[in-house]
Amino acid sequence: MDHSAALRRTEQAIVRLCHEGLDSHTLRVEVLRRLRTVVPVDAAFCATVDPATLLFTGSMVEEIPEHATPAFLANEFLQDKFVALARAAQPVQSLYAATRGEPEGSQRYREILVPIGFGDELRAALRIGNVTWGVMCLHRDLAGSGFTSAEAAFLARIAPQCALGLRTALLIDEATTNSSPDGP
């Protein structure tokens, strides 16, 4: 099978999903399912964020041990990892690329990823322009290969579409949820 054709088909499928008006959870599940067909992933985290604060407003986790969650959250919020990525010129980065192939220099790698058997991670701020609507972190097993620059480039191409889909989902959720009976 032609890999570039598979990438094109997957990208088109993800773009369609992002324009279907799905709820944010379903959108994230389906995007990850399709993404995994061209970018092998052993575990994943994907969250919606408040665009003003970048605090998580909803998250989904696949294949990440539950006992690791407090360490991931402490590292995230004390180190502002996604905040830095959301403000970066390139909102997609792999750990191995960021550390120039020496991940042992990363506290996150040594203290969180290695103990649970993870190696490289590919992180993305899902943004439209300078506004971030979600974040994604894809993981590979420690024994596996790192993410390639082509895989990072693919994620960078679909990230704005994912952001558009999340923004739409959140706006639809807000418009259809009657949280205040006295509201307009």
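The values are calculated or read from the model by the stated rules, or taken from the named source; none is laboratory data. All values reported here derive from a predicted model rather than from experimental measurement. Positions of Cβ are generated from backbone atoms using ideal geometry, with glycine treated the same way; all protein chains shown enter the neighbour counts. With ligands, DNA and RNA removed, areas are computed over all heavy atoms of the protein, side chains included. Shrake-Rupley method; radii C 1.70, N 1.55, O 1.52, S 1.80 Å.
Summary of computed values
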quantity	calculated
Candidates Thr48, Thr69, Thr57, Thr99 - the one that is over 16 Å from the mean Cα position of the chain (by Cα) and polar (S, T, N, Q)	Thr99
Pairs where the first residue, in region 17-42, is more than 16 Å from Ala152 (Cβ to Cβ) and among the acidic types (Asp, Glu) and the second is open to solvent by 60 Å² or more (accessible area, probe 1.4 Å) and at pLDDT 95 or above, C-beta under 6 Å, 6+ apart	Asp42/Asp141
Count - residues of region 43-56 that are in contact (Cβ under 8 Å) with a residue 24 or more places away in the chain and open to solvent by 70 Å² or more (accessible area, probe 1.4 Å)	0
Pairs with Cβ under 7 Å, 6+ apart, first in region 64-83 and farther than 18 Å from Cys46 by Cβ and of a type in the set (Gly, Ala, Ser), second in a helix (DSSP H, G or I) and open to solvent by less than 80 Å² (accessible area, probe 1.4 Å)	Ala71/Ile112
Arg9, sole failed condition from (1) assigned to a loop (DSSP other than H, G, I, E, B); (2) out of contact with any helix residue (DSSP H, G or I) (no Cβ under 8 Å at 6 or more places or on another chain)	(1)
Scope region 1-18; condition out of contact with any Ser or Thr (no Cβ under 8 Å at 6 or more places or on another chain) and either open to solvent by 70 Å² or more (accessible area, probe 1.4 Å) or not hydrophobic (A, V, I, L, M, F, W, C) (or both); matching residues	Met1, Asp2, His3, Ser4, Arg8, Arg9, Glu11, Gln12, Arg16
Index of the failed condition, Arg123 passing every other in (1) out of contact with any Cys (no Cβ under 8 Å at 6 or more places or on another chain); (2) open to solvent by less than 40 Å² (accessible area, probe 1.4 Å); (3) assigned to a strand (DSSP E or B); (4) of a type outside the set (A, V, I, L, M, F, W, C)	(1)
Residues located in region 137-152, provided they are in contact (Cβ under 8 Å) with a residue 40 or more places away in the chain, surrounded by fewer than 24 Cβ atoms within 10 Å (Cβ to Cβ) and either in a helix (DSSP H, G or I) or touching a Leu at 6+ places or on another chain (Cβ under 7 Å) (or both)	Ser149, Glu151, Ala152
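Rundown of residues vs (1) among the β-branched types (Val, Ile, Thr); (2) open to solvent by 30 Å² or more (accessible area, probe 1.4 Å); (3) assigned to a helix (DSSP H, G or I), yes/no style:
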residue: Val61; (1), (2), (3): yes, yes, no
residue: Leu73; (1), (2), (3): no, yes, yes
residue: Phe82; (1), (2), (3): no, no, yes
residue: Ala86; (1), (2), (3): no, no, yes
residue: Gln90; (1), (2), (3): no, yes, no
residue: Gln93; (1), (2), (3): no, yes, no
residue: Gly101; (1), (2), (3): no, yes, no
